[in-house]
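Novice: Okay, here's the structure, questions in a sec.
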Amino acid sequence: MKKISTLLFLSIALFSNAIAQTAKTWNVDKMHSSVKFAVSHLVVSEVDGSFKMFDGSIVSDNADFNNANINFSVDVSSINTDNSSRDGHLKSDDFFNSEKYPAMTFKSTSFKKKSGNMYELIGDLKVRDVTKKVVFAVKYGGTTKDPYGNTKAGFKATGSINRLEYGLKWNTLTEAGGAVVGADVDLTINLEMVQAK
């Protein structure tokens with residue numbers, strides 16, 4: 001009986017080790033990645049911006065990244081809309097309150113291949129103290145080697161969130177009754193990932 005238990009333990013350990021060896025970790029190449037957003041202004045136009053500081057990783061057992069686990073974080077204080085006054089307002093409690101809530105975080109719950117190089121990414125996005133499920137459409141650009149021998153993979157994720165649901169509550173109306181700043185925020189995230197060695 002003891003021999004059987006020992007063999008079973010060894011089998012489980014070897015199997016777990018084999019899984020660990022096949023899983024590969026990919027980290028964000030920040031120099032070649034971007035996190036951008038756009039929101040309507042005065043109903044008739046859009047204002048866009050970006051976050052300059054972010055980090056993230058992908059852990060995948062599969063070469064095509066199907067079922068990969070994805071974690072991502074954004075430094076809220078790095079917001080940039082090319083207007084320092086507006087950036088200061090966005091960092092205030094009317095919007096992100098970057099002093100109290102310095103980071104937005106995302107953790108995937110599903111990453112599934114839909115067709116060709118298109119994937120669906122579902123996960124939990126936390127902004128301020130609110131966590132909600134979000135869905136992104138992801139285009140997988142492929143995998144290649146850079147001139148320095150690093151293995152790189154490219155992704156473009158697009159989606160939309162309602163900022164009011166996350167406590168980014170500031171709003172006022174135009175004379176015509178439309179919102180000065182729209183509720184829906186479009187997100188575009190371009191990621192170049194580098195395989196960890």
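Novice: Against the condition among the acidic types (Asp, Glu), surrounded by fewer than 17 Cβ atoms within 10 Å (Cβ to Cβ), at negative phi and not in a loop (DSSP other than H, G, I, E, B), how does ASP55 come out, does it pass?
Specialist: Considered against the rule, which asks whether it is among the acidic types (Asp, Glu), surrounded by fewer than 17 Cβ atoms within 10 Å (Cβ to Cβ), at negative phi and not in a loop (DSSP other than H, G, I, E, B), ASP55 comes out as yes.
Novice: If LYS3 satisfies all but one of (1) modelled with pLDDT of 90 or more; (2) outside any strand (DSSP E or B); (3) of a type in the set (D, E, K, R), what's the number of the condition it fails?
Specialist: Only one criterion is unmet by LYS3, namely (1).
Novice: Something else now. Is it the case that LYS126 is of a type outside the set (A, V, I, L, M, F, W, C), closer than 18 Å to ASN190 by Cα and either without any contact (Cβ under 8 Å) to a residue 24 or more places away in the chain or part of a strand (DSSP E or B) (or both)?
Specialist: no
Every residue, every condition in (1) among the aliphatic types (A, V, I, L, M); (2) at pLDDT 95 or above; (3) within 12 Å of the chain's Cα centre (by Cα), yes or no:
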| position | (1), (2), (3) |
| --- | --- |
| SER60 | no, yes, no |
| ASP82 | no, no, no |
| SER98 | no, yes, no |
| LYS113 | no, yes, no |
| LEU125 | yes, yes, yes |
| VAL134 | yes, yes, yes |
| TYR140 | no, yes, no |
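Novice: Looking only at segment 101-122, filter to residues that are of a type in the set (S, T, N, Q) and farther than 23 Å from GLY167 by Cβ; which one of those is surrounded by the most Cβ atoms within 10 Å (Cβ to Cβ)?
Specialist: That would be SER110.
Novice: Here's a follow-up. Within segment 123-135, can you find the residues that are surrounded by 14 or more Cβ atoms within 10 Å (Cβ to Cβ) and touching a Lys or Arg at 6+ places or on another chain (Cβ under 7 Å)?
Specialist: The answer is GLY123, LEU125.
Novice: Kindly check whether there is at least one residue in segment 103-112 that is assigned to a loop (DSSP other than H, G, I, E, B), closer than 25 Å to ASP48 by Cβ and not aromatic (Phe, Trp, Tyr).
Specialist: Residues of segment 103-112 that are assigned to a loop (DSSP other than H, G, I, E, B), as a first pass: none.
No, the conditions are met nowhere in segment 103-112.
Novice: Would you confirm whether or not segment 137-150 contains a residue that is in contact with a Lys or Arg (Cβ under 9 Å, 6 or more places away or on another chain), among the aliphatic types (A, V, I, L, M) and either within 26 Å of MET31 (Cβ to Cβ) or in contact (Cβ under 8 Å) with a residue 24 or more places away in the chain (or both)?
Specialist: Checked segment 137-150: at least one residue is in contact with a Lys or Arg (Cβ under 9 Å, 6 or more places away or on another chain), among the aliphatic types (A, V, I, L, M) and either within 26 Å of MET31 (Cβ to Cβ) or in contact (Cβ under 8 Å) with a residue 24 or more places away in the chain (or both).
Novice: How many residues, within segment 136-153, are within 23 Å of VAL185 (Cα to Cα) and surrounded by 14 or more Cβ atoms within 10 Å (Cβ to Cβ)? Walk me through how you get there before you give the answer.
Specialist: Residues of segment 136-153 that are within 23 Å of VAL185 (Cα to Cα), as a first pass: 136-140.
With surrounded by 14 or more Cβ atoms within 10 Å (Cβ to Cβ) added as a condition, the list becomes 136, 138-140.
So the count comes out to 4.
Novice: Pairs, please: C-beta under 9 Å, at least 6 apart or cross-chain, first residue farther than 27 Å from PRO102 by Cα and in contact (Cβ under 8 Å) with a residue 12 or more places away in the chain and in segment 54-78, second small (Gly, Ala, Ser) and assigned to a strand (DSSP E or B)?
Specialist: PHE65/ALA153; ASN66/SER60; ASN67/SER60; ASN67/SER110
The values are calculated or read from the model by the stated rules, or taken from the named source; none is laboratory data. Keep in mind that this is a model prediction, so the values were computed, not measured. All Cβ positions, glycine included, derive from the backbone under ideal geometry; neighbour counts span all protein chains shown.
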